[in-house]
Amino acid sequence: MNKEDICHLDDTHLVKIVQDGNDIAAFEILVRRYQDMVYNICFRFMGQKEEALDCSQETFIKVYENIKRFKHLSSFRTWIYRIAVNTCKNHLSSRRFRNQQKTDYISEKMEIGSSFESPEVYFEKQRLQKIVQDAIDKLPLDQKQLIILRDIQQLSYQEIREITKLPEGTIKSKISRAREKLKELLKDIKNGM
């Protein structure tokens, strides 16, 4: 099968091609399909462009090394999310990252300004994004993970359950507590302005 033909295949078929013959072209297509999604989730967890890029790269290395063991019990998308989330959690818990000061929050992937906005509007939106990201970073890791998956990545509860292996009721209650905590954090910031 040539590269043009495999570009149009769904994830299940591409994964099977990689599993059967370790076809690098099929794997490259999967990487291109998911690189923005993986980077975005890594950035939300890590808060820094360089750390997000490192975690994204590590995620795809893990995917490549373990794809033959993928059993198709969940969607490939969910499997990649799980790997990305676990990679970020491992980095966040490492001593190296805990001792490092976070400074770089805004990346070109997160920019929301349009070419028609004034510089004031654009920079105000970036400032607000940083405030929200700072508040998310103050959440306990389990709550942060669920807020990112549900409210930022807009995954279904079913997908979150598959990624986290938590019961749906637990997910909903933790998300509710995390949202309340975020309201408190953002209210404190607003009152301090």
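The values are calculated or read from the model by the stated rules, or taken from the named source; none is laboratory data. Here the structure is a predicted model, which means the values were calculated and not measured. All Cβ positions, glycine included, derive from the backbone under ideal geometry; neighbour counts span all protein chains shown.
Scanning the range 72-89 for residues that are in contact with a Leu (Cβ under 8 Å, 6 or more places away or on another chain) and aliphatic (A, V, I, L, M) gives a single hit, 85.
Would you pick out the residues in the range 133-182 that are touching a Phe, Trp or Tyr at 6+ places or on another chain (Cβ under 6 Å) and more than 21 Å from residue 90 (Cα to Cα)? The one that is touching a Phe, Trp or Tyr at 6+ places or on another chain (Cβ under 6 Å) and more than 21 Å from residue 90 (Cα to Cα): 168. Every test in (1) part of a helix (DSSP H, G or I); (2) surrounded by 15 or more Cβ atoms within 10 Å (Cβ to Cβ) is passed by residue 5 save one, and that test is (2). Looking only at residues that are of a type in the set (Asp, Glu) and at pLDDT 90 or above in the range 21-54, which one is farthest from the chain's Cα centre (by Cα)? Restricting to residues being of a type in the set (Asp, Glu) and at pLDDT 90 or above, the top hit is 28. Can you find, within the range 41-57, the residue that is farthest from residue 23 (Cα to Cα) among those that are in contact (Cβ under 8 Å) with a residue 24 or more places away in the chain and surrounded by fewer than 18 Cβ atoms within 10 Å (Cβ to Cβ)? Residue satisfying both the conditions and the ranking: 50. Looking at the range 112-193, the helices (runs of 4 or more DSSP H) lying wholly inside it that each contain 3 or more residues that are modelled with pLDDT under 90 sit at 119-137, 168-191.
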